[in-house]
Amino acid sequence: MYYYGIDIGGTTIKCGLFEENGHLIKVNEIPTRKEECGKYILPDIADYIEKNNLEFGLKKEDIAAVGLGVPGSVTDDGVVNKCINLGWGVVNVSKEFTKLTGIPSKVGNDANMAALGEYYKGSGKNYKSMVFVTIGTGVGGGIIIDGKPLNGVNGAACEIGHLPIVKEDVGQCNCGKRGCLEQVASATGIVRKARKLIARKDLTAKDVFDLAKAGDKQCIEAINYSLSYLAKGLACISCAIDPEVYVIGGGVSKAGDYLIDIVSDYYKKDAFHPSRDTKIVLASLGNDAGMYGAAFLAGCMTLN
Ligand SMILES: [Zn+2]
């Protein structure tokens, strides 16, 4: 049997065809057509799967299930409650997709899918419990305990970007609150802090990290400020979840061991003593994590 793992993003949809042992056979990207409230998105994926099956000589009966990761909250029965990035309102994605393709499907939140991917195939592989943190334009994540993602009753578990822990006034967060972690620890937050310290307007988060690595004092200060808050966020999570490992992914994690070393140092200072030595490591699947996780959600790799 075969599986598809589909990661639906705001600009592209990543589609992977998997063998049941988790081996990725083929990956392709198709554009996300958001026009008319995103009504072409699921039919486009269904068309892609049909064409790809033909190419590999597969019939729809050969596909055990399709897993779909979407950028929004998803209930356990596959209902998506507003994906602003895709233009969707309340949609039963699982039901609609299976109606289109005749193939069973499962749906999950994209950050949870990336977490599942890292847990089964990436840096979380040898651990029982893991918290995945993704740092990009925002800060998000996923909690996996004994192999299962923790959704929360409102689908809001591990929205660590909105931990209300920033003391300084950093304005209003996208969520409407003030003092959220992602306002200082996201790529956007890092750049905002650096701009306050140095008179340069054309900075990216990568620039700030590169300058800091080269010894620039202000950039080091900006990085330390942002990452000390990230570490505080992790210390808060440890007090509630006490996971075995934190896996850090997303665009900002490209700063590599430099970032991990700083976060780990601050974390040790903030964490409650029994959790002080919790490992903090880099993610390893990059942009493929969501696709792997979606395939896993559909039932792929469960034989391993
Ligand atoms: Zn917020």
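Collect the residues in the range 11-46 that are in contact with a Leu (Cβ under 7 Å, 6 or more places away or on another chain), exposed (fewer than 14 other Cβ atoms within 10 Å of the Cβ) and either in contact (Cβ under 8 Å) with a residue 60 or more places away in the chain or farther than 17 Å from Leu58 by Cβ (or both), keeping them in residue-number order.
Asn21
Going by the structure shown, is Gly142 closer than 17 Å to Tyr229 by Cα, in contact (Cβ under 8 Å) with a residue 24 or more places away in the chain and either outside any strand (DSSP E or B) or away from the ligand (no atom under 11 Å from the Cβ) (or both)? Let's see the steps before the verdict.
Details: closer than 17 Å to Tyr229 by Cα: no; in contact (Cβ under 8 Å) with a residue 24 or more places away in the chain: yes; either outside any strand (DSSP E or B) or away from the ligand (no atom under 11 Å from the Cβ) (or both): yes.
Against the criterion (closer than 17 Å to Tyr229 by Cα, in contact (Cβ under 8 Å) with a residue 24 or more places away in the chain and either outside any strand (DSSP E or B) or away from the ligand (no atom under 11 Å from the Cβ) (or both)), Gly142 does not qualify.
Step by step: first the residues of the range 150-163, then only those that are surrounded by 14 or more Cβ atoms within 10 Å (Cβ to Cβ) and closer than 18 Å to Gly233 by Cα, then the one that is farthest from the ligand (Cβ to nearest atom). Which residue is that?
Narrowing the range 150-163 to residues surrounded by 14 or more Cβ atoms within 10 Å (Cβ to Cβ): 150-151, 155, 157-163.
Still in the list and also closer than 18 Å to Gly233 by Cα: 150, 157-163.
On the way: Leu150: 20, Ala157: 15, Cys158: 14, Glu159: 8, Ile160: 10, Gly161: 6, His162: 4, Leu163: 9 Å.
Here the residue is Leu150.
Suppose the filter is at pLDDT 90 or above and polar (S, T, N, Q); does Thr134 pass it?
yes
Quick one: Val191 ticks every box in (1) touching a strand residue (DSSP E or B) at 6+ places or on another chain (Cβ under 7 Å); (2) under 26 Å from Asp207 (Cα atoms); (3) surrounded by fewer than 23 Cβ atoms within 10 Å (Cβ to Cβ) except a single one, so which number is it?
Among (1) touching a strand residue (DSSP E or B) at 6+ places or on another chain (Cβ under 7 Å); (2) under 26 Å from Asp207 (Cα atoms); (3) surrounded by fewer than 23 Cβ atoms within 10 Å (Cβ to Cβ), the lone unmet condition for Val191 is (1).
List pairs: first in the range 201-214 and farther than 13 Å from Ile190 by Cα, second modelled with pLDDT of 95 or more and among the hydroxyl-bearing types (Ser, Thr, Tyr), Cβ under 9 Å, 6+ apart or cross-chain?
Lys213/Tyr258
Does Lys201 count as among the charged types (D, E, K, R), farther than 25 Å from Pro243 by Cβ, crowded, with 16+ Cβ neighbours inside 10 Å and away from the ligand (no atom under 16 Å from the Cβ)?
Criteria not met by Lys201.
Could you pull out the residue among Cys173, Cys219 that is within 11 Å of the ligand (Cβ to nearest atom), more than 27 Å from His273 (Cβ to Cβ) and surrounded by 17 or more Cβ atoms within 10 Å (Cβ to Cβ)?
From the options Cys173, Cys219, the qualifying one is Cys173.
Residues checked against (1) in contact with a strand residue (DSSP E or B) (Cβ under 6 Å, 6 or more places away or on another chain); (2) more than 19 Å from Gly141 (Cβ to Cβ); (3) not assigned by TED's automatic domain parsing to the domain that holds Val131:
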residue	(1), (2), (3)
Cys236	no, no, no
Glu244	yes, no, no
Gly250	yes, no, no
Ser253	yes, no, no
Asp257	no, yes, no
Val263	yes, no, no
Tyr266	no, no, no
Lys269	no, yes, no
Phe272	no, yes, no
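Output yes when any residue across the range 222-229 is within 30 Å of His273 (Cα to Cα), within 16 Å of the ligand (Cβ to nearest atom) and assigned by TED's automatic domain parsing to the domain that holds Thr278, and no when none is.
Yes, there is a match, as at least one residue in the range 222-229 is within 30 Å of His273 (Cα to Cα), within 16 Å of the ligand (Cβ to nearest atom) and assigned by TED's automatic domain parsing to the domain that holds Thr278.
Kindly provide the set of residues from the range 40-75 that are of a type in the set (A, V, I, L, M) and modelled with pLDDT under 95, ordered by number. Quick ask: steps written out before the conclusion?
Step one: filter the range 40-75 for residues of a type in the set (A, V, I, L, M), giving 41-42, 45-46, 49, 54, 58, 63-66, 68, 70, 74.
Selection gives Val70, Val74.
With respect to Val252, determine if the residue is under 18 Å from the mean Cα position of the chain (by Cα), part of a strand (DSSP E or B), more than 16 Å from the ligand (Cβ to nearest atom) and modelled with pLDDT of 95 or more.
no
Between a residue in the range 172-194 that is in contact (Cβ under 8 Å) with a residue 12 or more places away in the chain and among the charged types (D, E, K, R) and any residue that is in a helix (DSSP H, G or I) and near the ligand (Cβ under 8 Å from one of its atoms), which pairs come within a Cβ distance under 6 Å, given they are 6 or more apart or on different chains?
That search, which allows pairs on different chains as well, returns Glu182/Gly161.
Kindly check whether there is at least one residue in the range 177-189 that is under 15 Å from Val133 (Cα atoms), part of a loop (DSSP other than H, G, I, E, B) and at pLDDT below 95.
no
The values are calculated or read from the model by the stated rules, or taken from the named source; none is laboratory data. These figures come from a predicted structure and were not determined experimentally. Neighbour counts run over all protein chains shown; Cβ positions are idealised from the backbone, glycine included.
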